[in-house]
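> Got a structure for you, questions after.
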Amino acid sequence: MKFTINERYNNLSSYYKNKYGKKVFKVPINAGFTCPNLDGKVAKGGCKFCSAFGSGEFGGNKKDSFQKQFDEVKERMHQKWPDAFYTVYFQSYTNTYAPLPKLKELYEEAISLDSNIVQISISTRPDEISQEIVDYLYELDQRIDVQIELGLQTIHEKTANDMNRAHDLQSFIDAVALLRSRNIETVVHIMDGLPGETYDMMIETIKFLNTQDIQGIKIHMLNILLNSKLGREYLKNPFPVLTRDEYLKVVVDQIAWLRDDIVIHRLTGDGDPKYLIEPKWIMKKFTVLNDINKRLKQLDLYQGVYYNNAKKHRWFNTFTSTWLFK
Ligand code: SF4
């Protein structure tokens, strides 16, 4: 993939503009799902970093109709972008965690909210992707673009266990394979700065994802929130949190390691100031993004440059290399 001096990675807004011809914005819909990691199906208590909103701080109010939730966001967004398409986004909790007829009812209602909806994006856990869901998503994908967002956060089982994620890496691998067997666009969500994770571990997560058939990634810094278990632990017993400079270093190197066909949906988080304990620096989202771009320029790095060099290196050292590429 060719990047320019100003666009050093495959970013979501350019991807949408190329695909749909105009700005596309995401409209979160809260359908009132819960999560198998909260209700005891796989575990209780949920992921430690998960907030009381099921990691969907800016999602709508589940008591409101879909139409009301959608129209409120659309109206706000239209002040900034009067002419745009929409992705209807099931964000909070586990949005495939219901019997199939219920899922069908909710998704069908959501895609019919507005004639300018071009995509449905569904955020879920890898262990809540089944053959019957994927078969239905395939049929839906023939009518409207479907995107599935899988929460992974890290490939490292120790961190995942410490965070009570309650699914293993194999369920993620299986879910990606199942989704891709039906050509469903798959986006992965990862978090930097999880307790106990080193720079090398965060880079390893990216290297592993390069081996998976994924189309998009969301990367952001761990948010420690007041209304989460991790937040309560942090207040009692604070642990080291990545500084802004440490995050910039790791995220820029992750971009350079990431396969260049993968679309980067996010490089920063949107911590709700009412609940955010640390890190406070994430609140300056645009300056963090600017500094990522500046650092890429200063170091003359592009998405995938380390990955491509490593592949080339392997090409010349076929018998000795330990790099793992498909
Ligand atoms: S899987 Fe998602 S919704 Fe469920 S506890 Fe973890 S972060 Fe929260």
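The values are calculated or read from the model by the stated rules, or taken from the named source; none is laboratory data. Note that this is a predicted model, so its numbers are computed, not measured. FYI the Cβ positions are ideal-geometry reconstructions off the backbone, even for glycines, and counts take in every protein chain you see. Side chains are part of the model used for accessible areas, which takes the heavy atoms of the whole protein and leaves out ligands, DNA and RNA. Shrake-Rupley method; radii C 1.70, N 1.55, O 1.52, S 1.80 Å.
> When region 256-272 is examined, which residues are found to be at pLDDT below 95 and of a type in the set (D, E, K, R)?
Applying the first criterion (at pLDDT below 95) to region 256-272 yields 268-272.
Of everything in region 256-272, those that are at pLDDT below 95 and of a type in the set (D, E, K, R) turn out to be Asp270, Asp272.
> I would also like to ask the following. If you scan region 259-276, which residues turn out to be touching a Lys or Arg at 6+ places or on another chain (Cβ under 9 Å), among the hydrophobic types (A, V, I, L, M, F, W, C) and either over 18 Å from Gln153 (Cβ atoms) or part of a loop (DSSP other than H, G, I, E, B) (or both)?
If the condition is that a residue be touching a Lys or Arg at 6+ places or on another chain (Cβ under 9 Å), among the hydrophobic types (A, V, I, L, M, F, W, C) and either over 18 Å from Gln153 (Cβ atoms) or part of a loop (DSSP other than H, G, I, E, B) (or both), then Leu267 is the only one that fits.
> Does region 188-213 hold any residues that are among the hydroxyl-bearing types (Ser, Thr, Tyr), in contact (Cβ under 8 Å) with a residue 24 or more places away in the chain and closer than 22 Å to Ile282 by Cα, and which are they?
Tyr199, Thr205
> For region 141-162, indicate whether the set of residues that are of a type in the set (A, V, I, L, M), surrounded by 21 or more Cβ atoms within 10 Å (Cβ to Cβ) and touching a Cys at 6+ places or on another chain (Cβ under 8 Å) is non-empty.
No - not one qualifying residue is present in region 141-162.
> Considering only residues that are free of Cβ contacts under 8 Å to residues at least 60 places away in the same chain and part of a helix (DSSP H, G or I), which ones fall in region 116-136?
Passing the criteria: Pro126, Gln131, Glu132, Ile133, Val134, Asp135, Tyr136.
> Applying the selection to region 166-219, what residues are in a strand (DSSP E or B) and either among the charged types (D, E, K, R) or open to solvent by less than 20 Å² (accessible area, probe 1.4 Å) (or both)?
Glu185, Thr186, Val187, Val188, Ile190, Met191, Asp192, Gly216, Ile217, Lys218, Ile219
> Could we say that Thr159 is within 16 Å of the ligand (Cβ to nearest atom), modelled with pLDDT of 95 or more, within 17 Å of Cys50 (Cβ to Cβ) and touching a strand residue (DSSP E or B) at 6+ places or on another chain (Cβ under 7 Å) here?
No: the conditions fail for Thr159.
> Val288: more than 24 Å from Asp162 (Cα to Cα) and touching a residue at least 12 places away in the same chain (Cβ under 8 Å), yes or no?
Taking the combined requirement at face value, the residue satisfies it.
> For the list (1) part of a helix (DSSP H, G or I); (2) closer than 25 Å to Glu197 by Cβ, I need the number of the one condition that Gly151 fails.
(1)
> When you check Tyr275 against the structure, is it among the hydroxyl-bearing types (Ser, Thr, Tyr), over 19 Å from the mean Cα position of the chain (by Cα), open to solvent by less than 80 Å² (accessible area, probe 1.4 Å) and at pLDDT 95 or above, yes or no?
So Tyr275 does not fit the description; no.
Residues checked against (1) among the hydrophobic types (A, V, I, L, M, F, W, C); (2) touching a helix residue (DSSP H, G or I) at 6+ places or on another chain (Cβ under 8 Å):
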site: Gln153; (1), (2): no, yes
site: Val176; (1), (2): yes, yes
site: Asp192; (1), (2): no, yes
site: Met221; (1), (2): yes, yes
site: Leu230; (1), (2): yes, no
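> While we're looking at this one, here's another question. Report whether or not Phe90 is within 16 Å of the ligand (Cβ to nearest atom), without any contact (Cβ under 8 Å) to a residue 60 or more places away in the chain and under 24 Å from Gln212 (Cβ atoms).
It is false that Phe90 is within 16 Å of the ligand (Cβ to nearest atom), without any contact (Cβ under 8 Å) to a residue 60 or more places away in the chain and under 24 Å from Gln212 (Cβ atoms).
> Taking the condition over 16 Å from the mean Cα position of the chain (by Cα) and open to solvent by 10 Å² or more (accessible area, probe 1.4 Å), does Arg125 pass?
No.
> With the requirement that a residue be among the aromatic types (Phe, Trp, Tyr) and surrounded by 15 or more Cβ atoms within 10 Å (Cβ to Cβ), what does region 220-250 give you?
Tyr234, Tyr247
> Please note which helices (runs of 4 or more DSSP H) are completely contained in region 1-115 and include at least 1 residues that are farther than 28 Å from Ile129 by Cβ and open to solvent by 20 Å² or more (accessible area, probe 1.4 Å).
Where helices (runs of 4 or more DSSP H) fall fully within region 1-115 and carry at least 1 residues being farther than 28 Å from Ile129 by Cβ and open to solvent by 20 Å² or more (accessible area, probe 1.4 Å), they are 12-20, 66-80.
> One residue is enough: does region 296-304 have a residue meeting the conditions crowded, with 18+ Cβ neighbours inside 10 Å, at pLDDT 95 or above and among the hydroxyl-bearing types (Ser, Thr, Tyr)?
yes
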